[in-house]
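Shown next, in structure tokens, is the structure this report addresses.
What follows draws every value from the coordinates through simple rules; no lab data is involved. On a predicted model such as this, the values are computed, not experimentally measured, just so you know. Glycine gets a Cβ as well: all are built from the backbone with ideal geometry, and neighbour counts include every protein chain shown.
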Amino acid sequence: MAADASQLDQLFATIAARKGADAAGSYTAKLLAGGTLLCAQKLGEEAVETVIAATRGDAKATIAESADLLYHWLVLLAALDLKPADVYAELARREGRSGLDEKATRSSS
């Protein structure tokens, strides 16, 4: 299998298909059954673990934790009935803008 960003969309499709499935047989279904709060909490935990691995300079652990982080991000999107394409569209909207300008726009609104 080729390793590229399309795997996020494939993983999201799998996650979305598990919504409403038996939580006893699927970790994803268990997270989704726990609601937005549980999904957000797990995303936060994975973010912290990713930061710790990165600050330790552990490339292998950073890659593994980043994969966990992306998985839990997709689970949270599914819990909120959002799609990765919604985020991709926001990134496209910001393309070509200075990050400093974009942040200043958000701060003033």
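Give the order of R94, R18, R56 when sorted by the count of other beta carbons within 10 angstrom, beginning with the fewest. Don't skip to the end; give the middle numbers.
On the way: R94 13, R18 20, R56 10.
Going from sparsest to densest Cβ surroundings: R56, R94, R18.
For K19, give me every one of the lysines with a C-alpha distance below 25 angstrom, ignoring sequence neighbours fewer than eight places off in its own chain.
K30, K42, K83
Out of [x] 47, 34, 32; [y] 50, 39, 22; [z] 30, 25, 22, which label holds the value of Cα extents along the principal axes in Å that was computed here?
Of the listed options [x] 47, 34, 32; [y] 50, 39, 22; [z] 30, 25, 22, [x] comes from this structure.
So what's the net charge close to T50: Lys and Arg +1, Asp and Glu -1, counting the other residues with Cβ under 9 Å from its Cβ?
Result for the local shell: -4.
By how many degrees, 0 to 90 and rounded to 10, does the Cα axis of helix 59-79 deviate from the longest principal axis of the chain?
Around 80 degrees separate the two axes.
If the elastic network links every pair of Cα atoms under 10 Å, which of G25, G99, G34 fluctuates the most in the Gaussian network model of the chain?
G99
With a 10 Å Cβ neighbour count serving as the proxy for reagent exposure, in which order, fewest first, do E49, E65, E95 appear?
E95, E49, E65
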